[in-house]
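Worksheet for the structure shown next.
Each value in this text was obtained by applying a stated rule to the coordinates, not by laboratory testing. Quick caveat, the model's predicted, so the values are computed rather than measured. With ideal geometry, Cβ positions are generated from the backbone for all residues, glycine too; neighbour counts draw on all protein chains shown.
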Amino acid sequence: MAQQKVQLRKLRDFGENLSDTFQFIRQEFKPLATSFVLISGVFIMAQSVVAGLYEARLFSVFDDLAKGGALQPREISDVFSFTYFLVLALSLLTLTVMHVSIAAYMKYYDEHGNSPSFSEVWNGTKRYFIKVFFFSIPVYLLIIAGLILCLLPGIYFAVVLIPFPYVIVMEDASFGEAFNRCFIIVKENFWISLGIYFVTYLIYSFSSGIISFITGILAGLISYFSTKEIGSSAGIATSVINAVSYLFYIIYFISVALHYFNLAERTDGTGIARRLESIGSNINPNTNIEEQY
């Protein structure tokens, strides 16, 4: 018996967001995971490797101690080095491409009612990646400024602007349109948005934390017993932890995307309008669903 596909544009409460998130991932796992890994994998690996190199350099001080040397405190230039800023830049690029690939996948799914191919997700990602990347920079700066100057404004801006990349992709919006749109759709739904983002991020953190920590520690121990170097072992562990944890971001991103559709539906009623238009037509949106008795 075929399982009913997830309707993206519909009203959802807190519990429905969580259940639909995992249902969508189960139903679309193979094409979704394939597109996500093939498109985002290069960025994930690059960020993880550079982050590992940075950690290996920082932890190399313990190798000096193990060899009987004196503990030498790190200089500011060692901590905030070129590699450090490269890690930050690669992290932003990685998060952007993950956001856009998921949004491109769900945009096609919403418009066509079926799973997109890799080439279709890739074309959508190429179309919006640069746009989302540069438009997100002032958004991140605004959130960071709000957190530094006063914690609560930063939290408020973060909650309101989390759907920002999805608005750009789904609605092909400009920066001003996407920025204003976020405030419009979240205006009456701030607390449920905060709750959904917080809980799904905890789910992501818990699930990814356990698996990435175990795999990272195992990789680090294997490296240490092979090389007897603490710095390189820490770097390898960091690389593995980063790579695995990035893969689990898909849970959080799907939840955020589904909540965007919920917010958009509350504001526009697009999903209801589509279903009303299909009444009496020869198009059956659920042709893949078997009758249930």
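Find out how many positive minus negative residues lie around Ser119, taking Lys and Arg as positive, Asp and Glu as negative, among other residues whose Cβ is under 15 Å from that of Ser119.
On the way: positive: Lys107, Lys126, Arg127; negative: Glu120.
Net charge around Ser119: +2.
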Self-check item: Cα-projected label distance for Phe29 with Tyr156, points at 7 Å along beta-carbon direction, nm
Solution: 4.3 nm
Self-check item: Ranking of Ser117, Ser193 by count of other Cβ atoms within 10 Å, fewest first
Solution: Ser117, Ser193
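Taking a 24 Å limit on the Cα-Cα distance, which of the listed pairs Lys10/Lys187; Lys10/Lys126; Lys5/Lys30; Lys10/Lys131; Lys5/Lys187 fall beyond it? If you can, show how the numbers build up before the last one.
Values: Lys10/Lys187 18 Å; Lys10/Lys126 28 Å; Lys5/Lys30 15 Å; Lys10/Lys131 27 Å; Lys5/Lys187 29 Å.
Over 24 Å Cα-Cα: Lys10/Lys126; Lys10/Lys131; Lys5/Lys187.
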Practice problem: Neighbouring Cβ atoms within 10 Å as the yardstick, rank Glu265, Glu171, Glu55 fewest first. | Solution: Glu171, Glu265, Glu55
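Given a Förster distance of 51 angstrom, what is the FRET efficiency for Phe213 paired with Asp268, based on the Cβ-Cβ distance and rounded to 0.05?
Values: r = 42 Å, r/R0 = 0.83.
E(calc), rounded to 0.05, equals 0.75.
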